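Taking it in order: structure first as structure tokens, then the write-up.
Read-outs: derived from the displayed coordinates by stated rules, not from any lab. Predicted, not measured: the structure shown is a model, and the values here were computed from it. Note that we place each Cβ from the backbone using ideal geometry, even for glycine, and neighbour counts take in every protein chain shown.
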Amino acid sequence: MIGRLNHVGIAVPSIEAAKATYRDLYDVAASAMTETRELPAQGVRFAFVNVGNSQIELIEPLGAESPIQRFIERNPNGGQHHVCFEVEEIYAARDAMVAKGATVLNEPRIGAHGTPVIFIHPKNSNGVLIELMETPKAAHS
Ligand code: CO
């Protein structure tokens, strides 16, 4: 069974502009936002916006081969891209999803929080792309 909601992924054309939105419109302190970092292997730049009980993950295409480039072409202002739930053990979660007939989109790989993640096709979950992320062993980051 899935654990806590870790974050909601929002794809944006510009992380810096999106950070300004959370700062100016929603009064999120700059200290509640992480530095923007790059995951070249996944073709994204990302940053987290910490809110009271969860996080918003801002993701921006990195490079022409970025898997979210097409999403931005279809949604030029950005949009909600995925929802991420924590799981205890990623390989057990992957095996359970496969056993239930779900379409797992990738082998477990290290995600933005430094723990392994998989993605489940939106067709399996009411049109929503679901990320399953192994719970960090230490404190939540
Ligand atoms: Co994510």
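Rounded to the nearest whole Hz, the Karplus-based 3J(HN,Hα) values (6.51 cos²θ - 1.76 cosθ + 1.60, θ = phi - 60°) of segment 11-21 follow the sequence 8, 9, x, 8, 5, 4, 5, 5, 4, 5, 4, with x at glycine and proline. Based on Cα atoms of segment 59-138, Rg over Rh with Rh as the Kirkwood radius reads 0.99. Along the chain, the longest continuous region that contains none of the trypsin sites (Lys or Arg not before Pro) in a DSSP loop with at most 14 other C-beta atoms within 10 Å is 5-99. Only beta bridges with both residues in the chain are counted; by DSSP, about 70 percent of them are antiparallel. Pair-distance distribution of the chain: all C-alpha pairs, bin width 5 Å, starting at 0; shares per bin in whole percent are 2, 10, 19, 24, 20, 15, 8, 2, 1, 0. Each Lys and Arg adds +1 at its Cβ and each Asp and Glu adds -1 at its Cβ; summed about the Cα centre, the chain shows a dipole of about 240 debye. Just add up the charged neighbours of Glu16: K/R +1, D/E -1, any other residue whose Cβ is under 11 Å from the Cβ of Glu16. Its environment carries a net charge of +2. Ordered by the number of other Cβ atoms lying within 10 Å of each residue's own Cβ, fewest first, Met33, Met1 fall into the sequence Met1, Met33. Placing unit charges on each Cβ (+1 for Lys and Arg, -1 for Asp and Glu) gives segment 5-140 a dipole about its Cα centre, and among Ile68, Val8, Ala18 the Cα reaching farthest toward its positive end belongs to Ile68.
The distance separating the Cα centre of segment 90-115 from that of segment 51-69 comes to 19 Å.
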